[in-house]
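A.B. asks: Just dropping this structure here.
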Amino acid sequence: EEDEAEKRGAKGPDSDRCEKTEDAEPEPFDGEVPPNDRREGEGGEAVEPKPYIELEEKVKPLACELIEELSLEEKSAKWEPQERGGRFSIREYIRDKDRPFLVDEDEGKSPPTLALKVIVDHSTSLNHLSGEKMRIESISEAVMMLHLVCLELKIPHEVLVTPQGFKIADSSSGERGKALIAGLVPALCGFEDMGKAIKNHAVPMVEYAEDIKLVICLTDGACNDAELGKKICQALRGKVEVIGILLDPDKRTREYVKWMFGKDRTIACCSSELPQKLGNILRASRGI
């Protein structure tokens, strides 16, 4: 008996627990970043995935409100009695001899299809406080809200980050995409290259099949390559809509961003208003 006790003691008090842990199934992913997950991008400008559940829960009320408003399904065709043309109906003839024909009512068409890209200025000036939070925090919230809405409504979309122009989320990015959106905070880049991002990601949309091709650029000031951006935006007029959203504007930045994107394609707002502004853009694109 003493020999058996010594053998049990040699294994250590936690040995049984360790053996069980090795065989245990991993817990389901709950928004905490897996230890082996990787950054997106290169060098100091890369985005690190972070836990996202708190961010997702914060923006869900507005996302759900938008989803309910924008969930426009194609209605079944209605038939209207007409004096001539269409399909002759005995029932309608008995009811009204002057209007015995049935014609498709021109209603219930599906809303226009939409392809969306969001380009995020990730320059360090977005770490400045606006009210009680950094500008980049408001961007992260707004982008997460937009991402959730697009996922639910099956709107093809991409979220891209300057200056490297890499993609952090799209229709198939799953939980990693949400973790990278949360990882936008803080902003890490010293410059924007917004014009380059518009050239690389907006120009190819000319060939997209959707009715509306929309690019939303989120920034807080003058871009280092604004001349390139202006040239591309002007060339895309009528083909791809490129809208600049300027956060926390002052007189100088307002005029500069208007010069780049165009007066009629610039929206200036406080950082805290950004989620609502993006929601209004989506409403307008769906004809609401």
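The values are calculated or read from the model by the stated rules, or taken from the named source; none is laboratory data. Treat the numbers as computed from the prediction; the structure is a model and nothing was measured. For neighbour counting, all protein chains shown are included, and Cβ atoms are generated from backbone atoms with ideal geometry for every residue, glycine included.
Okay, residues lined up against (1) touching a helix residue (DSSP H, G or I) at 6+ places or on another chain (Cβ under 6 Å); (2) β-branched (Val, Ile, Thr):
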site: 203; (1), (2): no, yes
site: 208; (1), (2): no, no
site: 218; (1), (2): yes, no
site: 247; (1), (2): yes, no
site: 256; (1), (2): no, no
site: 261; (1), (2): yes, no
site: 273; (1), (2): no, no
site: 276; (1), (2): no, no
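A.B. asks: Residue 284: assigned to a helix (DSSP H, G or I), closer than 30 Å to residue 71 by Cβ and small (Gly, Ala, Ser), yes or no?
C.D. replies: So residue 284 passes the test.
A.B. asks: Here is a follow-up. Just to be sure I understand, how many residues within the range 230-267 are among the small types (Gly, Ala, Ser) and in contact with a Ser or Thr (Cβ under 8 Å, 6 or more places away or on another chain)?
C.D. replies: 1
For (1) over 19 Å from the mean Cα position of the chain (by Cα); (2) at pLDDT 80 or above; (3) in the same structural domain as residue 165 (by TED's automatic domain parsing), each residue gets a yes or a no:
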{"residue": "101", "(1), (2), (3)": "yes, no, no"}
{"residue": "115", "(1), (2), (3)": "no, yes, yes"}
{"residue": "118", "(1), (2), (3)": "no, yes, yes"}
{"residue": "121", "(1), (2), (3)": "no, yes, yes"}
{"residue": "124", "(1), (2), (3)": "yes, yes, yes"}
{"residue": "130", "(1), (2), (3)": "yes, yes, yes"}
{"residue": "133", "(1), (2), (3)": "yes, yes, yes"}
{"residue": "137", "(1), (2), (3)": "no, yes, yes"}
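A.B. asks: For residue 77, all conditions in the list (1) part of a loop (DSSP other than H, G, I, E, B); (2) at pLDDT 90 or above hold save one; what is the number of the exception?
C.D. replies: Result: residue 77 fails condition (2) only.
A.B. asks: Taking the condition of a type outside the set (Phe, Trp, Tyr) and either loosely packed, with under 14 Cβ neighbours inside 10 Å or farther than 21 Å from residue 193 by Cα (or both), does residue 262 pass?
C.D. replies: no
A.B. asks: Give the number of residues within the range 172-218 that are in contact (Cβ under 8 Å) with a residue 40 or more places away in the chain, assigned to a helix (DSSP H, G or I) and closer than 25 Å to residue 137 by Cβ.
C.D. replies: Number satisfying all stated conditions: 11.
A.B. asks: Follow-up. Quick test for you: out of 185, 203, 143, pick the one residue that is within 23 Å of residue 68 (Cα to Cα) and either of a type in the set (Val, Ile, Thr) or surrounded by fewer than 17 Cβ atoms within 10 Å (Cβ to Cβ) (or both).
C.D. replies: Exactly one of 185, 203, 143 is within 23 Å of residue 68 (Cα to Cα) and either of a type in the set (Val, Ile, Thr) or surrounded by fewer than 17 Cβ atoms within 10 Å (Cβ to Cβ) (or both), namely 143.
A.B. asks: Which ones in the range 146-165 are in contact (Cβ under 8 Å) with a residue 24 or more places away in the chain and surrounded by fewer than 17 Cβ atoms within 10 Å (Cβ to Cβ)?
C.D. replies: 152, 156 - these are the residues of the range 146-165 that are in contact (Cβ under 8 Å) with a residue 24 or more places away in the chain and surrounded by fewer than 17 Cβ atoms within 10 Å (Cβ to Cβ).
A.B. asks: Output the number of residues of the range 219-230 satisfying the condition of being of a type in the set (D, E, K, R), assigned to a helix (DSSP H, G or I) and surrounded by 15 or more Cβ atoms within 10 Å (Cβ to Cβ).
C.D. replies: 1
A.B. asks: Look through 171, 125 and report the one residue that is surrounded by fewer than 21 Cβ atoms within 10 Å (Cβ to Cβ), touching a His at 6+ places or on another chain (Cβ under 9 Å) and small (Gly, Ala, Ser).
C.D. replies: Among 171, 125, only 171 is surrounded by fewer than 21 Cβ atoms within 10 Å (Cβ to Cβ), touching a His at 6+ places or on another chain (Cβ under 9 Å) and small (Gly, Ala, Ser).
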